[in-house]
There are 2 protein chains.
Amino acid sequence: MNGIFKALADPTRRKVLELLRQGPMAAGELSDRFPVSRPTMSAHFNILREAGLIAAHRDGKSIVYRLQLSVLEDALLSFGQLFGIGGTAPAAPREGSSA
Amino acid sequence: MNGIFKALADPTRRKVLELLRQGPMAAGELSDRFPVSRPTMSAHFNILREAGLIAAHRDGKSIVYRLQLSVLEDALLSFGQLFGIGGTAPAAPREGSSA
DNA sequence: ATGATATTTAGCTAAACGTCGAAATGAGTC
DNA sequence: GACTCATTTCGACGTTTAGCTAAATATCAT
(Lines give C-alpha, C1' and ligand atoms only; values in the text may rest on other atoms or scores of the structure.)
Protein backbone atom coordinates (compact mmCIF):
# COMPACT_ATOMS: atom_id res chain seq x y z
CA MET A 1 0.00 0.00 0.00
CA ASN A 2 2.73 2.41 0.95
CA GLY A 3 4.76 1.45 -2.10
CA ILE A 4 1.85 2.36 -4.31
CA PHE A 5 1.43 5.81 -2.81
CA LYS A 6 5.17 6.38 -2.95
CA ALA A 7 5.15 5.39 -6.60
CA LEU A 8 2.23 7.70 -7.27
CA ALA A 9 3.98 10.63 -5.58
CA ASP A 10 6.18 11.36 -8.61
CA PRO A 11 4.69 13.20 -11.61
CA THR A 12 6.87 11.33 -14.10
CA ARG A 13 5.62 8.03 -12.79
CA ARG A 14 2.01 9.15 -12.87
CA LYS A 15 2.45 10.16 -16.51
CA VAL A 16 3.95 6.77 -17.29
CA LEU A 17 0.82 5.15 -15.92
CA GLU A 18 -1.36 7.47 -17.98
CA LEU A 19 0.55 6.64 -21.14
CA LEU A 20 0.29 2.95 -20.39
CA ARG A 21 -3.43 3.30 -20.06
CA GLN A 22 -3.59 3.45 -23.86
CA GLY A 23 -1.88 0.08 -24.10
CA PRO A 24 1.42 -1.68 -23.44
CA MET A 25 4.56 0.13 -24.55
CA ALA A 26 8.27 -0.64 -24.74
CA ALA A 27 10.69 0.94 -22.28
CA GLY A 28 12.46 2.90 -25.00
CA GLU A 29 9.30 4.21 -26.58
CA LEU A 30 8.11 5.23 -23.16
CA SER A 31 11.42 6.89 -22.33
CA ASP A 32 11.32 8.91 -25.54
CA ARG A 33 8.31 10.76 -24.26
CA PHE A 34 10.09 12.11 -21.22
CA PRO A 35 12.89 14.67 -20.96
CA VAL A 36 15.06 12.51 -18.71
CA SER A 37 17.68 9.89 -19.41
CA ARG A 38 16.93 6.25 -20.02
CA PRO A 39 18.60 5.06 -16.83
CA THR A 40 16.43 7.48 -14.88
CA MET A 41 13.35 6.15 -16.60
CA SER A 42 14.48 2.60 -15.90
CA ALA A 43 14.61 3.45 -12.21
CA HIS A 44 11.07 4.81 -12.40
CA PHE A 45 9.92 1.62 -14.11
CA ASN A 46 11.46 -0.39 -11.29
CA ILE A 47 9.60 1.56 -8.66
CA LEU A 48 6.33 1.17 -10.52
CA ARG A 49 6.96 -2.52 -11.05
CA GLU A 50 7.87 -3.16 -7.42
CA ALA A 51 4.67 -1.41 -6.42
CA GLY A 52 2.82 -3.81 -8.72
CA LEU A 53 1.44 -0.99 -10.84
CA ILE A 54 3.06 -2.16 -14.06
CA ALA A 55 4.24 -5.54 -15.33
CA ALA A 56 7.18 -6.22 -17.64
CA HIS A 57 7.77 -8.86 -20.27
CA ARG A 58 10.47 -9.14 -22.87
CA ASP A 59 9.53 -9.03 -26.51
CA GLY A 60 12.62 -9.57 -28.64
CA LYS A 61 15.01 -6.75 -28.00
CA SER A 62 12.47 -4.68 -26.17
CA ILE A 63 10.94 -4.88 -22.75
CA VAL A 64 7.29 -4.10 -22.85
CA TYR A 65 5.49 -2.61 -19.88
CA ARG A 66 1.80 -2.82 -19.34
CA LEU A 67 -0.42 -1.15 -16.80
CA GLN A 68 -1.79 -3.31 -13.98
CA LEU A 69 -5.01 -1.40 -13.79
CA SER A 70 -6.56 -3.67 -11.21
CA VAL A 71 -3.80 -2.93 -8.71
CA LEU A 72 -4.21 0.81 -9.12
CA GLU A 73 -7.95 0.40 -8.96
CA ASP A 74 -7.86 -1.64 -5.74
CA ALA A 75 -5.53 0.82 -4.06
CA LEU A 76 -7.49 3.90 -5.04
CA LEU A 77 -10.84 2.36 -4.23
CA SER A 78 -9.89 0.91 -0.86
CA PHE A 79 -8.19 4.11 0.22
CA GLY A 80 -11.12 6.15 -0.97
CA GLN A 81 -13.51 3.94 0.93
CA LEU A 82 -11.73 4.80 4.17
CA PHE A 83 -13.14 8.27 3.64
CA GLY A 84 -16.44 7.36 2.11
CA ILE A 85 -15.22 8.51 -1.28
CA GLY A 86 -16.32 6.80 -4.45
CA GLY A 87 -18.80 3.99 -5.01
CA THR A 88 -20.21 2.67 -1.75
CA ALA A 89 -20.14 5.23 1.03
CA PRO A 90 -20.10 3.94 4.61
CA ALA A 91 -21.74 5.89 7.42
CA ALA A 92 -19.23 8.70 7.87
CA PRO A 93 -19.47 12.17 9.41
CA ARG A 94 -19.31 14.80 6.69
CA GLU A 95 -17.13 17.88 6.90
CA GLY A 96 -19.67 20.46 7.98
CA SER A 97 -21.99 18.24 9.97
CA SER A 98 -21.34 19.77 13.37
CA ALA A 99 -19.98 23.24 12.59
CA MET B 1 -2.22 17.96 -7.53
CA ASN B 2 1.35 16.95 -7.00
CA GLY B 3 1.32 18.34 -3.50
CA ILE B 4 -1.61 16.11 -2.65
CA PHE B 5 0.09 12.95 -3.86
CA LYS B 6 3.29 13.93 -2.10
CA ALA B 7 1.32 14.47 1.08
CA LEU B 8 -0.39 11.12 0.67
CA ALA B 9 2.93 9.33 0.18
CA ASP B 10 3.68 9.23 3.92
CA PRO B 11 1.91 6.70 6.18
CA THR B 12 1.86 9.05 9.16
CA ARG B 13 0.11 11.70 7.12
CA ARG B 14 -2.41 9.23 5.77
CA LYS B 15 -3.21 8.15 9.33
CA VAL B 16 -3.67 11.78 10.33
CA LEU B 17 -6.26 12.14 7.63
CA GLU B 18 -7.99 8.98 8.79
CA LEU B 19 -8.12 10.22 12.37
CA LEU B 20 -9.46 13.56 11.22
CA ARG B 21 -12.22 11.80 9.39
CA GLN B 22 -13.90 11.28 12.76
CA GLY B 23 -13.95 14.99 13.37
CA PRO B 24 -11.67 17.98 14.02
CA MET B 25 -8.86 17.49 16.50
CA ALA B 26 -6.22 19.66 18.17
CA ALA B 27 -2.58 19.38 17.12
CA GLY B 28 -1.52 18.07 20.52
CA GLU B 29 -4.25 15.49 20.75
CA LEU B 30 -3.38 14.36 17.26
CA SER B 31 0.32 14.24 18.08
CA ASP B 32 -0.34 12.07 21.15
CA ARG B 33 -1.51 9.30 18.87
CA PHE B 34 1.78 9.00 17.03
CA PRO B 35 5.17 7.78 18.22
CA VAL B 36 7.04 10.82 16.92
CA SER B 37 7.83 14.22 18.39
CA ARG B 38 5.58 17.24 18.24
CA PRO B 39 7.87 19.19 15.93
CA THR B 40 7.81 16.27 13.55
CA MET B 41 4.03 16.13 13.65
CA SER B 42 3.90 19.88 13.14
CA ALA B 43 5.90 19.44 9.94
CA HIS B 44 3.45 16.79 8.77
CA PHE B 45 0.54 19.12 9.51
CA ASN B 46 2.22 21.80 7.42
CA ILE B 47 2.56 19.50 4.44
CA LEU B 48 -1.06 18.41 4.70
CA ARG B 49 -2.22 22.00 5.10
CA GLU B 50 -0.17 23.26 2.15
CA ALA B 51 -1.69 20.47 0.07
CA GLY B 52 -5.11 21.74 1.11
CA LEU B 53 -6.03 18.43 2.71
CA ILE B 54 -6.54 19.89 6.19
CA ALA B 55 -7.44 23.33 7.50
CA ALA B 56 -6.30 24.91 10.76
CA HIS B 57 -7.98 27.33 13.11
CA ARG B 58 -7.02 28.46 16.55
CA ASP B 59 -9.31 27.68 19.46
CA GLY B 60 -7.94 29.25 22.61
CA LYS B 61 -4.55 27.75 23.31
CA SER B 62 -5.00 24.95 20.82
CA ILE B 63 -4.86 24.78 17.08
CA VAL B 64 -7.57 22.58 15.71
CA TYR B 65 -7.21 20.76 12.41
CA ARG B 66 -10.06 19.52 10.35
CA LEU B 67 -10.14 17.33 7.28
CA GLN B 68 -10.91 18.99 3.97
CA LEU B 69 -12.69 16.00 2.63
CA SER B 70 -13.77 17.66 -0.59
CA VAL B 71 -10.16 18.32 -1.59
CA LEU B 72 -9.19 14.72 -1.04
CA GLU B 73 -12.33 13.61 -2.82
CA ASP B 74 -11.71 15.79 -5.85
CA ALA B 75 -8.12 14.64 -6.17
CA LEU B 76 -8.89 10.96 -5.83
CA LEU B 77 -11.88 11.11 -8.11
CA SER B 78 -10.26 13.12 -10.88
CA PHE B 79 -7.14 10.99 -10.82
CA GLY B 80 -9.20 7.85 -10.81
CA GLN B 81 -11.20 9.07 -13.75
CA LEU B 82 -8.03 9.33 -15.80
CA PHE B 83 -8.01 5.55 -15.62
CA GLY B 84 -11.69 4.90 -15.72
CA ILE B 85 -11.70 4.02 -12.03
CA GLY B 86 -14.61 4.84 -9.82
CA GLY B 87 -18.04 6.25 -10.60
CA THR B 88 -18.31 7.18 -14.25
CA ALA B 89 -16.14 5.02 -16.46
CA PRO B 90 -15.12 6.60 -19.78
CA ALA B 91 -14.43 4.47 -22.84
CA ALA B 92 -11.05 3.04 -21.93
CA PRO B 93 -9.16 -0.06 -23.05
CA ARG B 94 -9.14 -2.63 -20.28
CA GLU B 95 -6.07 -4.58 -19.28
CA GLY B 96 -6.69 -7.83 -21.06
CA SER B 97 -8.63 -6.51 -24.03
CA SER B 98 -6.14 -7.51 -26.71
CA ALA B 99 -4.11 -10.27 -25.08
C1' DA C 1 31.89 -14.75 -33.05
C1' DT C 2 31.06 -9.72 -34.14
C1' DG C 3 28.38 -5.92 -34.22
C1' DA C 4 24.18 -3.29 -33.41
C1' DT C 5 20.27 -2.19 -30.55
C1' DA C 6 17.57 -1.99 -26.13
C1' DT C 7 17.64 -1.81 -21.40
C1' DT C 8 19.60 -2.13 -16.99
C1' DT C 9 23.25 -1.86 -13.33
C1' DA C 10 26.91 0.69 -10.99
C1' DG C 11 28.72 4.65 -9.03
C1' DC C 12 28.19 9.27 -8.21
C1' DT C 13 26.15 14.19 -6.82
C1' DA C 14 22.71 17.33 -5.28
C1' DA C 15 18.44 18.03 -3.35
C1' DA C 16 14.56 16.58 -0.52
C1' DC C 17 12.68 14.15 3.41
C1' DG C 18 11.76 12.64 8.21
C1' DT C 19 13.40 13.16 12.49
C1' DC C 20 15.07 15.37 16.68
C1' DG C 21 16.14 18.87 20.71
C1' DA C 22 16.18 23.62 21.81
C1' DA C 23 14.43 28.03 21.30
C1' DA C 24 10.71 31.20 19.84
C1' DT C 25 5.85 32.57 19.26
C1' DG C 26 0.89 33.09 20.50
C1' DA C 27 -2.95 32.94 23.78
C1' DG C 28 -4.84 32.61 27.92
C1' DT C 29 -4.26 33.41 33.34
C1' DC C 30 -2.81 35.61 37.63
C1' DG D 1 3.61 42.57 33.27
C1' DA D 2 4.92 37.75 34.37
C1' DC D 3 3.86 32.96 34.04
C1' DT D 4 2.24 28.85 31.85
C1' DC D 5 0.60 25.96 28.24
C1' DA D 6 0.23 24.59 23.22
C1' DT D 7 2.31 24.73 19.05
C1' DT D 8 5.60 26.07 15.72
C1' DT D 9 10.19 27.54 13.87
C1' DC D 10 15.12 26.81 13.71
C1' DG D 11 19.27 24.34 12.92
C1' DA D 12 21.28 19.90 12.52
C1' DC D 13 21.78 15.02 11.20
C1' DG D 14 21.18 10.68 8.63
C1' DT D 15 18.49 8.58 4.94
C1' DT D 16 16.20 8.50 0.68
C1' DT D 17 15.33 10.11 -3.91
C1' DA D 18 15.94 11.79 -8.68
C1' DG D 19 19.11 12.72 -11.75
C1' DC D 20 23.44 12.00 -14.54
C1' DT D 21 27.39 9.39 -17.24
C1' DA D 22 29.73 5.24 -18.19
C1' DA D 23 29.80 0.41 -18.29
C1' DA D 24 27.50 -4.08 -18.31
C1' DT D 25 23.96 -7.31 -19.92
C1' DA D 26 20.74 -9.44 -23.14
C1' DT D 27 18.87 -10.22 -27.68
C1' DC D 28 18.93 -10.28 -32.56
C1' DA D 29 21.22 -10.13 -37.16
C1' DT D 30 25.22 -10.98 -39.99
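A few points about this structure:
- Between identical copies, the spacing of A:Glu18 label points, each set 7 Å from Cα toward the C-beta atom, reads 2.9 nm from nearest to farthest.
- Cα-only Debye scattering, the protein assembly as shown: base-10 log of I(q)/I(0) at q = 0.14 Å⁻¹: -0.84
- Dipole in debye (nearest 20) - the protein assembly as shown, about Cα centre, beta carbon charges: Lys, Arg +1; Asp, Glu -1: 320
- Debye intensity ratio in log₁₀ form over the Cα atoms of chain B, taken at each q of 0.24 Å⁻¹: -1.25
- Loop-located trypsin sites (Lys or Arg not before Pro) in region A:52-84 (DSSP state not H, G, I, E or B) with no more than 15 neighbouring Cβ atoms inside 10 Å: A:Lys61.
- Going from the chain on its own to the full set of protein chains, region A:45-75 has these residues losing 40 Å² or more of accessible surface (heavy atoms, 1.4 Å probe, no ligands, DNA or RNA): A:Leu69, A:Glu73.
- Theoretical ellipticity at 222 nm over the protein assembly as shown - DSSP helices of four or more residues, -39500 (n - 2.57) apiece, nearest 500: -14500 deg cm²/dmol
- Heavy-atom accessible surface that B and A bury in contact, both chains counted, 1.4 Å, Å² to 100: 3000
- Rounded to the nearest Hz, the phi-derived 3J(HN,Hα) couplings of region A:67-72 under the Karplus curve 6.51 cos²θ - 1.76 cosθ + 1.60 (θ = phi - 60°) are 5, 9, 4, 5, 5, 4, where x marks glycine and proline.
- On full extension, the segment bounded by A:Thr12 and A:Val36 gains 7.7 nm, given 0.36 nm per residue less the C-alpha separation.
- Calculated label separations, A:Met1, copies of the chain, 7 Å along the beta-carbon direction, nm: 2.6
- Nonlocal amide H pairs with A:Ala26, under 5 Å, H built at 1.01 Å: A:Tyr65
- Of all beta-carbon atoms in chain A, the one sitting closest to the axis that brings chain A onto chain B gives A:Ala9, 2, with the distance in whole angstrom.
- Normalised by the number of residues in region B:1-69, the average gap of Cα pairs under 8 Å and 6 or more apart makes the relative contact order 38 percent.
- Annotation for A:Val36, label-to-label distances across the other copies: 2.3 nm (shortest first, one decimal, point 7 Å from Cα along Cα→Cβ).
- Think of a 1.4 Å ball rolled over the protein heavy atoms: region A:2-82 then has 49 Å² of accessible area per residue.
- Helix A:38-50 vs. chain A, principal-axis angle (Cα, 0 to 90°, nearest 10): 40
- The lysine pair tally for the protein assembly as shown, using Cα distances under 29 Å and a gap of 8 or more places or different chains, is 8.
- Probe 1.4 Å - accessible area at B:Met1, Å² to nearest ten: 110
The values are calculated or read from the model by the stated rules, or taken from the named source; none is laboratory data. Everything numeric here is computed off the predicted structure, so don't read it as measured data. A quick note on method: Cβ atoms are made from the backbone with ideal geometry, for glycine too, and the neighbour counts reach across all protein chains shown. With ligands, DNA and RNA removed, areas are computed over all heavy atoms of the protein, side chains included. Shrake-Rupley method; radii C 1.70, N 1.55, O 1.52, S 1.80 Å.
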